[in-house]
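Structure first, then comments.
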Amino acid sequence: MTETPPPPVLVTRRLADGVLDRLTPAAATVHDSEQPMPRTELLAALPGRAAVITTLDDRVDAEFLAAAGPGLRIVANHAVGTHNIDLAACADRGVLVSNTPGVLTDATADLAWALLLAAGRRLGEGERLLRSGRPWAWAPTFMLGLELSGTPLGILGMGRIGQAVARRAAGFAMPVGYHNRTQLPADTAAGAHWLPLDELFARSPVLVVTCPLTAATRHLVNAERLALLPEGAVVVSMTAGVVDEAALAAALESGHLFAAAVDNFEHEPAVHPALLAQERAVLVPHLGSATVRTRQAMGGLAVDNVLAVLAGAAPLTPVG
């Protein structure tokens, strides 16, 4: 008896409400869970698929591609980053890769500013104090934080998210410097000026890290570069792996940094224990794009990419 082939699309994680309405049960198999598919389950589900919608916890490598077989046409990553995907291996097999850029820019930039304010003004500490029930009283010297208005802001990575962070700085009258692989046209840089890497650190009492994780940027923000920051600086990290978390905790422990905030972590869901021990570390569980509208837009774009390729067209947002 001939075995019935699986639906052409595999979706490795539950997506936001309404996103998958255009994919019927006959067209797609969905791992309906907020948890990633166990690796053995994922590999077993791949054979015969023409398209896979992945998330950042799904490692797309030679083993993945071999399990899928020659019929795989596209891996649509539900993320901007692609560090979970071996792009060279996909290219060698003729498998297209897409991501979801643009649609999460504003939500992520908003969160970067929320974290910057929370760290600089010690909001986490204040809330923990109130919830603890410990006695407190207002005083002229009580829980003093940093005033952001007019303070120079440094941005490491001036892609879409970095540019959106820079635009928001205008409301705080903050002069903005940035470092990027290339200098941007003045109208694109939102009034920010390019600085060499080490000079950016030396001139940034406030630093927001938004550059993507690559082999070149892993632990780019290390102990040596953190030491270049002015005494009492604030660091906000929006990209896992670019900031050395142990070095960040040590800079907080020494008092060189006033505060820090981290949105996602190098070994998620684990958080470096030294960071957890720091009272002035604001830590949130990878919430950069976590709004209803943004997650629906990300999922919708991933589906659009799949449907385009299955119809014989190019993906809307190809990678590589």
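Key figures for this structure:
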read-out: Rg followed by Dmax, in Å, when the stretch 93-152 is reduced to its Cα trace; value: 19.5, 66
read-out: Highest-MSF residue in the chain out of G124, G18, G154 [GNM, Cα springs under 10 Å]; value: G18
read-out: Surface accessible to a 1.4 Å probe, V262 within the full protein complex, Å²; value: 10 Å²
read-out: Rotationally averaged projected area of the stretch 196-294 (alpha carbon convex hull; nm²); value: 6.5 nm²
read-out: Gain on full stretching of the segment that runs from A215 to R203 - 0.36 nm per residue minus C-alpha separation; value: 1.8 nm
read-out: At R0 = 41 Å, FRET efficiency that the Cβ-Cβ distance of L316 and E279 yields, to 0.05; value: 0.35
read-out: Antiparallel %, DSSP beta bridges [both residues in the chain], to 5; value: 5 percent
read-out: With all protein chains modelled, accessible area of E41 [1.4 Å, Å²]; value: 90 Å²
read-out: Segment A26-W136, length gained on full extension (0.36 nm per residue, minus Cα span); value: 33.5 nm
read-out: Alpha carbon centroid spacing (whole Å) that separates the stretch 243-291 from the stretch 126-167; value: 14 Å
read-out: Using θ = phi - 60° and Karplus 6.51 cos²θ - 1.76 cosθ + 1.60, couplings along the stretch 288-300 (whole Hz; Gly, Pro as x); value: x, 9, 7, 10, 4, 4, 5, 5, 5, 5, 5, x, x
read-out: Under the Debye formula (equal points on every Cα, no solvent term), log10 I(q)/I(0) of the chain at q = 0.06, 0.13 Å⁻¹; value: -0.24, -0.97
read-out: Solvent-accessible area per residue, Å², over the chain with all protein chains present [probe radius 1.4 Å]; value: 48 Å²
read-out: FRET efficiency for E63 and R167, using Cβ-Cβ distance with R0 set to 25 Å, rounded to 0.05; value: 0.05
read-out: Where Rh is the Kirkwood radius over Cα pairs, Rg/Rh for the stretch 163-247; value: 0.94
read-out: CD proxy at 222 nm, helix term only [per DSSP H run n ≥ 4: -39500 (n - 2.57); per residue of the chain; nearest 500]; value: -9000 deg cm²/dmol
read-out: Using a Förster distance of 51 Å, the FRET efficiency for R128-R93 (Cβ separation, nearest 0.05); value: 0.50
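The values are calculated or read from the model by the stated rules, or taken from the named source; none is laboratory data. Given the structure is predicted, the values throughout are model-derived calculations rather than measurements. Every residue, glycine as well, gets a Cβ built from its backbone with ideal geometry; the counts of neighbours run over all protein chains shown. Side chains included, ligands, DNA and RNA excluded: accessible areas come from the protein's heavy atoms. Shrake-Rupley method; radii C 1.70, N 1.55, O 1.52, S 1.80 Å.
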